[in-house]
Structures are given as C-alpha cells and as structure tokens.
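S.K.: One structure, pasted below without further comment.
The values are calculated or read from the model by the stated rules, or taken from the named source; none is laboratory data. Keep in mind it's a predicted model, so treat the numbers as computed, not measured. Cβ placement follows ideal geometry from the backbone for every residue including glycine, while neighbour counts extend to all protein chains displayed. Note: accessible area is taken over every heavy atom of the protein model, side chains too, but ligands, DNA and RNA are not part of it. Shrake-Rupley method; radii C 1.70, N 1.55, O 1.52, S 1.80 Å.
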Amino acid sequence: MELQYPFTGSWRVQNSPADRVPSHGTPLLGTSYAIDFTPVDANGRSARFTLASLFRPEPPEHFVGFGRTVTAPVSGMVRAAHDGEADHAAFRGFPSIGYAATQAGRVREGWLGLAGNHVIVESAGLFVALCHLRQGSGRVRPGQRVECGEVVGACGNSGNSTEPHLHVQAMDSPNPQQASAVPVTFPGGLPRNGTVLSL
C-alpha cells in the first residue's frame with residue numbers, strides 16, 4: 001500500500017520493514033510491516049540527553065516532536081479514532097529497562113494498550129493506523145471522510161511508547177485483533193532504519 005508521509009519536518013526512521021520483517025519482532029495485531037517515525041531537531045536528536053536521562057523518566061514535553069502535527073497518509077473514511085489515553089513519561093537510559101519489563105502487561109491489554117491514542121483510516125479496502133497520538137489532539141471521528149494531508153492529530157507518547165513518536169501500519173481489517181499486515185511504501189521507496197527524513 002503506497003502512503004504519503006503523515007507529517008512534515010525532520011523525523012528519524014525506526015523499526016523499518018526495509019530492515020527486517022516482522023519489523024517490531026512480532027506479527028501480532030497486524031504489525032509485521034509497521035514502521036516508526038521519531039521527530040528530531042536539526043541535529044538529529046529527539047531530545048537533549050543529559051545525565052538525568054540515564055536515571056529518571058522524562059516528561060514528554062521535553063521532546064521536540066511532542067505535539068507535532070500528524071496528517072492522513074491516504075484519503076478515505078475514518079473507521080476508528082481514540083483520544084482518551086494519557087501521555088506518559090518517556091524512558092531512556094536505565095528507566096527504559098524497567099519499562100521494557102512491563103511490556104507483557106501492555107500486550108495483555110491488547111490493541112489499546114499498545115496503540116494508545118490512534119486513528120484508523122480506510123482506503124481502497126485497506127486500513128491504515130496512526131498510533132501513539134497525543135491525548136486531546138484528535139481532529140477526526142469515525143465515519144468522517146478525510147483527505148490525504150488533512151490533520152488528524154498530533155504526535156504523542158500514549159500506549160506502548162518509550163518516547164514521542166508515530167507508529168504507522170496497514171492492515172486488511174479495521175480490527176487489529178483479526179487483521180493481517182499489509183506491506184507499505186512511501187514516495188521514493190521504503191526508508192531504512194536511521195534515515196532522517198526532512199519534508
């Protein structure tokens with residue numbers, strides 16, 4: 001499925017299916033071909049890393065991308081829009097180890113525990129999910145028609161997320177519990193891990 005990039009500015013590619021499949025280490029919930037994008041500054045950093053970053057969780061507001069605009073990567077119909085999950089602290093350094101240890105609990109919560117605030121758009125019989133959106137940023141509702149490039153929300157740190165970023169995946173069903181993953185691509189091809197896109 002060809003998508004437009006759902007953002008502008010500088011974003012670093014992570015967990016790309018151009019590097020491995022399943023990209024997130026599991027085929028669960030239609031994630032085999034999912035890709036992550038982390039907003040970065042002109043120096044390629046998502047946030048300044050300090051000694052405190054090694055030992056303490058950090059407010060998501062410390063990250064340059066928290067609140068950056070997220071747009072629809074396709075034109076279509078909104079099939080799901082969830083906006084009620086709190087943005088939690090970001091975890092780098094040693095706190096990320098503790099956060100990883102609680103992963104099983106989020107998996108048990110299912111799609112909502114992993115995706116957090118999200119939008120799913122149907123286009124040509126396929127379904128694109130945009131996940132980890134900022135609480136309260138939702139601009140669309142189920143049943144609404146959206147055009148490619150239209151604002152749907154903002155980058156956040158809800159769900160299974162160690163720092164503010166955007167998770168994108170395509171599926172063959174609006175229900176991730178039953179969906180199979182659909183490969184995605186973008187203009188110019190599928191970017192590899194570590195690529196910094198400047199749009």
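S.K.: Return yes when N43 is under 27 Å from G189 (Cα atoms), open to solvent by 20 Å² or more (accessible area, probe 1.4 Å) and modelled with pLDDT under 95 and no when it is not.
M.R.: In short, yes.
S.K.: Looking for something open to solvent by less than 30 Å² (accessible area, probe 1.4 Å), under 17 Å from H132 (Cα atoms) and touching a helix residue (DSSP H, G or I) at 6+ places or on another chain (Cβ under 9 Å) - is there at least one such residue anywhere in the range 57-65?
M.R.: yes
S.K.: To continue, here is another question. So which residues in the range 108-129 are open to solvent by 50 Å² or more (accessible area, probe 1.4 Å) and not small (G, A, S), if there are any at all?
M.R.: R108, E109, L112, E122 - these are the residues of the range 108-129 that are open to solvent by 50 Å² or more (accessible area, probe 1.4 Å) and not small (G, A, S).
S.K.: If I ask for residues that are among the hydrophobic types (A, V, I, L, M, F, W, C) and surrounded by 18 or more Cβ atoms within 10 Å (Cβ to Cβ), which ones from the range 2-40 would you list?
M.R.: Passing the criteria: L3, F7, W11, V13, L29, A34, I35, F37, V40.
S.K.: Given the residues G84, G76, which is the only one that is more than 19 Å from E163 (Cα to Cα) and not aromatic (F, W, Y)?
M.R.: G76
S.K.: Only one of A52, A81 is open to solvent by less than 60 Å² (accessible area, probe 1.4 Å) and free of Cβ contacts under 8 Å to residues at least 12 places away in the same chain; which?
M.R.: None of the other options fit; the residue is A52.
S.K.: Here's another thing I want to ask about it. Keeping to the range 155-184, report how many residues are in contact with a Lys or Arg (Cβ under 6 Å, 6 or more places away or on another chain), within 16 Å of G113 (Cα to Cα) and part of a strand (DSSP E or B).
M.R.: The number of residues fulfilling the criteria is 1.
S.K.: Being assigned to a strand (DSSP E or B), open to solvent by less than 50 Å² (accessible area, probe 1.4 Å) and touching a residue at least 60 places away in the same chain (Cβ under 8 Å): is that true of H132 here?
M.R.: no
S.K.: Would you call G105 open to solvent by less than 40 Å² (accessible area, probe 1.4 Å) and modelled with pLDDT under 95?
M.R.: Answer is yes for this residue.
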